[in-house]
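Since the structure comes first, as structure tokens, the remarks are kept for the end.
The values are calculated or read from the model by the stated rules, or taken from the named source; none is laboratory data. Since the model is a prediction, treat every value here as computed from it, not as a measurement. In this analysis, Cβ positions are derived from the backbone assuming ideal geometry, glycine residues included, and neighbour counts consider all displayed protein chains.
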Amino acid sequence: MKRPSPTATSAVIVIALACIGILLVVMTGCGSSGSSSSTTTVTAAGGGSGPPASTLAPIHGHYAPKIDPANFATKIDNPYWPLKPGTGYHFKGVRGTTAQTDDETVTSRTRNILGIPSTAVRDIVSEHGKPVERTVDYYAQDKYGNVWYMGEDSFETNSKGQMVRASDSWLAGVKGGEPGIIMPGNPKPGEAYRQEYYPPGQALDEARVLSLNGTTKVPYGGQHTGLVVTSERSPLEPQTEQKYYDPGLGEVMEKLVKGHHEQFSLVNITHS
């Protein structure tokens, strides 16, 4: 922000305050990777500038987002959804009364979707050490820092214990599938946006930002503050989910606040 030129005396004061500010920033950045991030200043890729997510991926009216490959970056470094190849996010939780684990791995593989190289993330949900869901999700980030959800190849166990393709598998540009935004480049409280759009498979998830100052406690890193908290739902389902995102880490917890009992917490992050 530009300010009027100060007098000589004021300039000395400004310089002194600036030095103190620099010292505080340095001290803030010296914490451990798993500690609370409430005092960390985070800027999304692209500076968070550009149209809001609610305009790019609206939840009302005819949905036809404008996707230009020239407006997309080559990596995904949104602080609330960083996808560095080789990173693994490991969650433990419960669905209903059944304990489950959820292991998400960012691969180095990409798939060309709508002319955009989209990063593949492998997601495996297991019960008693045996996979019950296998999904490959595809993401891409635009120049404003918005992370777009480009599709998913999902398989789940049927009543016979066989792994079959899920009806809500979809890809942008195929049979009416359209991409949505999984994380805005500049999230703002109250902002609502569509996350995925595939009517044939009833994949119609949407989200709303509730807060930029959420707090939660998980096994990985203990207490986390300064979190983006979202409310996520589908108009076709009677349940509502809250998710918590820590800047620099990504998602640390999700839980259903309406519907059946389900909650997952981050227990570890690995790198290969």
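For a quick check of your reading of the model, give me the residue pairs whose first member lies in region 251-272 and is farther than 19 Å from residue 217 by Cα and free of Cβ contacts under 8 Å to residues at least 60 places away in the same chain, whose second is assigned to a strand (DSSP E or B) and among the β-branched types (Val, Ile, Thr), with beta-carbon atoms closer than 9 Å and at least 6 apart or on different chains.
Pairs found: 258/240; 259/240.
So, residue 204, is that one farther than 22 Å from residue 169 by Cα, surrounded by 14 or more Cβ atoms within 10 Å (Cβ to Cβ) and hydrophobic (A, V, I, L, M, F, W, C) or not?
Working: farther than 22 Å from residue 169 by Cα: no; surrounded by 14 or more Cβ atoms within 10 Å (Cβ to Cβ): yes; hydrophobic (A, V, I, L, M, F, W, C): yes.
It is false that residue 204 is farther than 22 Å from residue 169 by Cα, surrounded by 14 or more Cβ atoms within 10 Å (Cβ to Cβ) and hydrophobic (A, V, I, L, M, F, W, C).
Out of the residues in region 243-258 that are surrounded by fewer than 19 Cβ atoms within 10 Å (Cβ to Cβ) and in contact with a strand residue (DSSP E or B) (Cβ under 8 Å, 6 or more places away or on another chain), state the one that is farthest from residue 90 (Cα to Cα).
Top of the filtered list is 258.
Based on this model, can you work out whether residue 186 counts as part of a loop (DSSP other than H, G, I, E, B), of a type in the set (S, T, N, Q) and either under 22 Å from residue 266 (Cβ atoms) or at pLDDT 95 or above (or both)? Steps first, please.
Details: part of a loop (DSSP other than H, G, I, E, B): yes; of a type in the set (S, T, N, Q): yes; either under 22 Å from residue 266 (Cβ atoms) or at pLDDT 95 or above (or both): yes.
The answer is yes for residue 186.
Report yes if residue 214 is modelled with pLDDT of 95 or more and farther than 19 Å from residue 89 by Cα, otherwise no.
The answer is yes for residue 214.
Going through 232, 191, 178 one at a time, which residue ends up being over 22 Å from residue 93 (Cβ atoms), modelled with pLDDT of 95 or more and surrounded by fewer than 20 Cβ atoms within 10 Å (Cβ to Cβ)?
Testing whether each residue is over 22 Å from residue 93 (Cβ atoms), modelled with pLDDT of 95 or more and surrounded by fewer than 20 Cβ atoms within 10 Å (Cβ to Cβ) leaves just 191.
Within the set of pairs 6+ apart or on separate chains, which have a first residue in region 92-111 that is under 16 Å from residue 269 (Cβ atoms), a second that is in a strand (DSSP E or B) and among the small types (Gly, Ala, Ser), and C-beta atoms under 6 Å apart?
If the second residue must be in a strand (DSSP E or B) and among the small types (Gly, Ala, Ser), the pairs left are 101/126; 105/88; 107/120.
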